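Each reported figure results from applying straightforward, stated rules to the coordinates on display, with no laboratory input. Computed from a prediction, not measured in an experiment: that's the story for all the values here. Heads up, the Cβs are rebuilt from the backbone with ideal geometry, glycines too, and the neighbour counts pull from every protein chain shown.
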Amino acid sequence: MKIKNLLPAFALALVILFTACSDDETSDTNIPPTVNSTSPANNAIEVPRNKVITIEFSEAMDPTTINATSFSLTDGENNVSGDVSFSGTTASFTPTIFLEPSANYTATLTAGAKDLEGKPIESNFVWSFSTGILTETDVVAPTVILTDPADNDIDVARNKVISVNFSETMDPSSINGQTFYLKQGDVTLEGNVSYSGTTAKFISRTLLAPETRYTVTVTTGVTDVAGNALEANTELGFKTSVGEAGLTVVDLGDAGNYVILAKTAINNVPTSTITGHLGLSPAATSYITGLALTDFTGFATSAQVTGKVYAADMAAPTPINLTTAVENMITAYNDAAGRPTPDFVELGAGNIGGLTLTTGLYKWTNTVIMPTDVTISGTADDVWIFQIAGDLTMSSAVNITLEGGAKASNIFWQVAGEATLGTTSHFEGVILSRTGITLQTGASLNGRALAQTAVILDGNIVVQPK
């Protein structure tokens with residue numbers, strides 16, 4: 001049998017194989033989130049009356065769908081009042097009062113709870129438990145057992161995340177900007193306050209001044225879950241380090257000549273509005289779709305692009321220029337990924353929604369999500385580098401806002417996985433992705449999309465940064 005007679009059968013086998021793989025991938029993306037575990041477990045007995053009810057999911061969820069409507073606790077027909085929170089893959093219900101002794105309770109999570117792609121759990125999840133007998137009411141006041149920085153520390157990093165550890169679980173609603181704050185002299189600094197486990201954190205919205213003394217205060221307004229307050233205000237002081245040269249920008253080289261640069265494809269669902277040049281290499285012009293190109297010598301144009309479109313099969317010197325640009329893109333990615341000694345590690349456990357991010361090097365070993373708006377605050381000379389070992393996922397209608405003069409051209413998102421900007425969201429900065437970049441319907445980008453595979457567009461606004 002001649003080899004050429006085997007080719008049709010071989011081609012058919014490849015089609016079947018690729019179709020099967022495609023079907024598997026499609027089915028994976030349609031898998032709804034599930035509940036891995038609950039605490040207390042279903043039918044648990046002798047549950048403490050101050051128990052925080054938790055439920056752990058199989059994947060990250062959309063925090064906006066985890067609320068008092070979708071997650072509730074009842075003692076028969078009566079709803080129990082409580083605070084609902086979400087972090088990582090765990091939702092928590094903290095009762096605002098002690099549960100009744102020797103009583104039966106039912107926790108319910110409705111199908112209104114959804115993952116980051118909008119997929120709900122398949123049906124309401126319900127479990128029950130009973131509390132223990134009447135025990136003596138908690139009357140012990142909480143204490144502060146550890147702070148970082150410690151009192152009278154010196155050479156504290158100017159972008160330090162200030163943390164306070166308590167002796168027991170606290171009432172999250174009592175920990176806020178009025179009960180936990182940072183001052184420089186008589187001036188109270190603006191910042192973001194968060195609480196998880198037994199730890200409260202304060203992140204200043206601006207970079208702290210060099211060689212300056214600051215004071216942290218935790219007031220008696222902070223209480224535990226039983227309502228017991230700190231016996232006295234806790235104060236600590238620290239001094240920042242000398243002013244050091246900040247991060248240097250990531251050198252994009254010739255990759256900086258493009259607002260969109262990819263290796264395998266640039267696919268667009270019309271109509272997008274793009275300001276800046278587009279480049280594709282080593283793939284050819286045929287892998288640029290949805291832009292209705294008009295060919296010229298060495299480049300093409302599109303009514304959707306204010307700039308030129310280049311691909312590897314166009315006339316010289318375009319191929320060699322693109323080869324250099326792609327090499328520079330990879331070098332820039334490796335530079336960003338290899339920056340040492342991060343200032344922030346695993347900030348927010350990967351959930352940076354609602355945070356204000358000051359200048360610095362950030363590092364995560366997994367996926368980063370933005371379920372709510374994010375602020376990037378700093379001066380026009382400040383630099384931000386975000387090292388993300390997993391995916392970067394921005395929810396629909398979420399915005400990144402720059403303040404204080406911060407520039408998108410100085411913000412670098414190094415993403416080992418996929419970068420996905422949700423529908424109608426707005427993103428700021430240069431995305432350096434090893435896997436791919438997708439802008440969903442109506443998303444906008446002030447920055448650059450530089451991907452080592454494909455860039456996918458769908459009616460987007462993309463503007464190169466100034």
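Near the amide H of Val430, under 5 Å away, which other amide H atoms are found, from residues 5 or more places off or on another chain, if H is placed in the peptide plane?
Answer set, sorted by chain and number: Ile411, Phe412, Trp413, Arg448.
Expressed as a rounded percentage, what relative contact order does segment 35-131 have, with Cα pairs under 8 Å and six or more residues apart?
Taking the mean separation of contacting Cα pairs over the length of segment 35-131, I get 34 percent.
How long are the semi-axes of the equivalent ellipsoid of segment 253-463, taking √(5λ) for every eigenvalue λ of the Cα gyration tensor, in whole Å from largest down?
29, 18, 14
Treating only the Cβ of Lys, Arg, Asp and Glu as charged (+1, +1, -1, -1), what charge dipole size does segment 253-463 show about its Cα centre? Round to the nearest 20 debye.
220 debye
Rank these for me by crowding, Thr306, Thr69, Thr356, Thr131, going from fewest to most other beta carbons within 10 Å.
Arranged by neighbour count, lowest to highest, Thr306, Thr69, Thr356, Thr131 become Thr69, Thr306, Thr356, Thr131.
Estimate the FRET efficiency between Asp295 and Ile461 by the formula 1/(1 + (r/R0)^6), using the beta-carbon distance for r and 22 Å for R0, to the nearest 0.05.
My answer for the efficiency is 0.30.
Which ordering of Ile330, Ile66, Ile260 is given by a fewest-first count of other beta-carbon atoms within 10 Å?
Least crowded to most crowded, the residues run Ile330, Ile66, Ile260.
Whole-Hz ³J(HN,Hα) for each residue in segment 180-194, computed from phi via Karplus 6.51 cos²θ - 1.76 cosθ + 1.60 with θ = phi - 60°, x for glycine and proline: what do you get?
Result, ordered by residue: 9, 8, 10, 10, 10, x, 9, 9, 8, 7, 6, x, 9, 10, 9 Hz.
In whole angstrom, how long is each semi-axis of the equivalent ellipsoid of segment 329-432, when you take the square root of 5 times every eigenvalue of its Cα gyration tensor and sort them from largest down?
Its equivalent ellipsoid spans semi-axes of 18, 17, 13 Å.
Checking the cross-link filter: which lysines have an alpha carbon closer than 21 Å to that of Lys119, excluding same-chain neighbours under 8 positions apart?
Straight-distance partners of Lys119: none at all.
Starting at the first residue of segment 225-240, write each ³J(HN,Hα) from the Karplus equation 6.51 cos²θ - 1.76 cosθ + 1.60 with θ = phi - 60°, in whole Hz, x for Gly and Pro.
Values per residue, Gly and Pro as x: 5, 8, x, 6, 9, 4, 6, 7, 4, 9, 10, 8, x, 8, 10, 6 Hz.
Could you order peptides 331-337, 442-448 by the average number of other Cβ atoms within 10 Å of their residues, highest first?
Going by the mean number of other Cβ atoms within 10 Å, highest first, we get 442-448, 331-337.
How high is the relative contact order of segment 322-466? Use alpha-carbon pairs under 8 Å, at least six apart in sequence, and give a whole percent.
For segment 322-466, the relative contact order is 17 percent.
Would you mind calculating the gained length between Asp373 and Ala315 on full extension (0.36 nm times residue separation, minus the Cα-Cα distance), in nm to one decimal?
Separation in residues times 0.36 nm, less the Cα-Cα distance, equals 16.5 nm.
Looking at (1) 125; (2) 147; (3) 175, which value of volume of the Cα convex hull per residue in Å³ comes from a calculation on the structure shown?
Computed from these coordinates, volume of the Cα convex hull per residue in Å³ corresponds to label (3).
Sort out for me the Cα centre separation of segment 401-466 from segment 196-244, rounded to whole Å.
34 Å
Run down the lysines and flag those whose C-alpha is under 22 Å from the C-alpha of Lys183, throwing out any fewer than 8 positions away in its chain.
Filter leaves Lys160, Lys201, Lys239.
Measuring from a point 7 Å past the Cα of Ile133 along Cα-to-C-beta, which residues in segment 91-106 have an amide N at less than 17 Å?
The answer is 100-104.
Report the one residue of Thr271, Val249, Thr220 whose Cα lies farthest in the direction of the positive end of the charge dipole of segment 160-287 (charges on C-beta: Lys and Arg +1, Asp and Glu -1; origin at the Cα centre).
Thr271
Quantify how much of the Cα-Cα distance distribution of segment 144-240 extends past 18 Å, in percent.
39 percent
Find how much the distance from Glu46 to Glu327 grows on full extension, using 0.36 nm per residue of separation minus their present alpha carbon separation; answer in nm with one decimal.
Working it through step by step, the gained length comes to 94.9 nm.
Among Leu236, Leu357, which comes first, then next, by fewest other beta-carbon atoms within 10 Å?
In increasing order of surrounding Cβ atoms, one gets Leu236, Leu357.
With θ taken as phi - 60° and the coefficients 6.51, -1.76 and 1.60, list the Karplus ³J(HN,Hα) couplings across segment 202-219 in order, rounded to whole Hz; mark glycine and proline as x.
Couplings: 10, 10, 5, 6, 10, 5, 5, 6, x, 6, 10, 8, 10, 10, 9, 10, 10, 8 Hz.
Return a whole-number percent for the relative contact order of segment 88-128, with Cα pairs under 8 Å and 6 or more residues apart as the contact set.
The value is 36 percent.
With runs of 4+ DSSP H residues as the only contributors, calculate the mean residue ellipticity of the chain at 222 nm using -39,500 (n - 2.57) per run, divided by the residue total and rounded to the nearest 500.
Here the helix-only value at 222 nm equals -3500 deg cm²/dmol.
Would you please give the residues with an amide H less than 5 Å from that of Gly290, counting only those at least 5 places away or on a separate chain, with H modeled from the backbone geometry?
HN-HN under 5 Å from Gly290: Asn268.
In the chain, with Lys and Arg counted as +1 and Asp and Glu as -1 at Cβ, which of these residues, Leu73, Gly447, Gly405, has the Cα nearest the positive end of the dipole, that is, farthest along it?
Toward the positive end, the furthest listed residue is Gly447.
Return the Rg/Rh ratio of segment 340-383 with Cα-based radii and a Kirkwood Rh.
Taking Rg over the Kirkwood Rh, I get 0.97.
For segment 144-240, with only Lys/Arg (+1) and Asp/Glu (-1) charged at the beta-carbon, what is the dipole magnitude about the Cα centre, in debye rounded to 20?
360 debye
Under the 0.36 nm per residue contour assumption, what length would be gained going from the current alpha-carbon distance of Ile145 and Ser173 to full extension?
8.1 nm
Once the Cα gyration tensor of segment 407-466 is diagonalised, what are the square roots of 5 times its eigenvalues, in whole Å and ordered largest first, as equivalent ellipsoid semi-axes?
Rounded to whole Å, the semi-axes are 15, 15, 8.
Once the Cβ-Cβ distance between Val269 and Lys183 is put in as r, and R0 is 56 Å, what FRET efficiency do you end up with, to the nearest 0.05?
Step by step, r from the Cβ atoms, then E = 0.65.
Along the charge dipole of the chain, which of Tyr310, Gln178, Ile437 sits closest to the positive end, that is, farthest toward it, with unit charges on the beta carbon of Lys, Arg, Asp and Glu (+1, +1, -1, -1)?
Of the listed residues, the answer is Tyr310.
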